[in-house]
1. In what sequence, highest mean first, do 135-141, 36-42 appear when ranked by Cβ atoms within 10 angstrom?
2. I want to check the label-to-label distance for MET15 and TYR154. Put each point 7 Å from Cα in the C-beta direction and report it in nm to one decimal.
Amino acid sequence: MNAPIQQLAISLGVMQVARKIPFDDPEVLLYVRIGYVVSQLVILATYFYVSYKIKAKNDQTVLKYVDAPNPMSQEPGQLVTTTVRDYDLSETSKLVGTPHPHHPPLFSPQKRTTDTPQIRSAYTSIAMMGFLHIYMQYTQPLFVQAIMGLKGIYDAKTVKLHLLGQPAEGDLKRPFKAAPGLFGGTSGPQTDKAAIDEAEKRVGSKKDE
């Protein structure tokens, strides 16, 4: 079973379990609320701790690859030159929100040095869940998000590398391979010399324009 199908199966299973929980029981509801808050605190704590570990290690090993092309565009993948430190920080930011483009293409001078957008994204998500629960009286999402959020931490590759101490081999080798689709097949980053050389030529041609 590939990852997306497994994720879908787990999500459906959690939702089925949530339907059987008596949320109208005040005591049960209290425990669900506490569980959700605890899960969010664990996610944020994990994000900050893994980020701290990455910054403390400060691995400046250069990482060069060709990013996967946008399927909605005819443009080829862009050349990315970054460091292991910055790459891992970007991947870790996925724990709390959409990752920022800390690793710009080679011809772009921009570089992000703050994690504020990711924290803001996490707070926004919590605020939205609070709105759905308090004003819309939806309770099941609290339970589902608590479980799936913790599963997201368990699946995070930077958590496995920096918290669990697993070696950067196989699926944990940088740059990480993109998760396959529901029907298999994916276009992940390219690290072969031919693809990198071709991307560097495109960068050079843009500089000459």
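Every number here is computed from the coordinates shown, using simple stated rules; none is lab data. All figures in this text were calculated on a predicted structure; none of them were measured in a lab. Glycine also receives a Cβ, built like all others from the backbone with ideal geometry; neighbour counts cover every protein chain displayed.
1. 36-42, 135-141
2. Reported label-point gap for MET15 and TYR154 is 2.0 nm.
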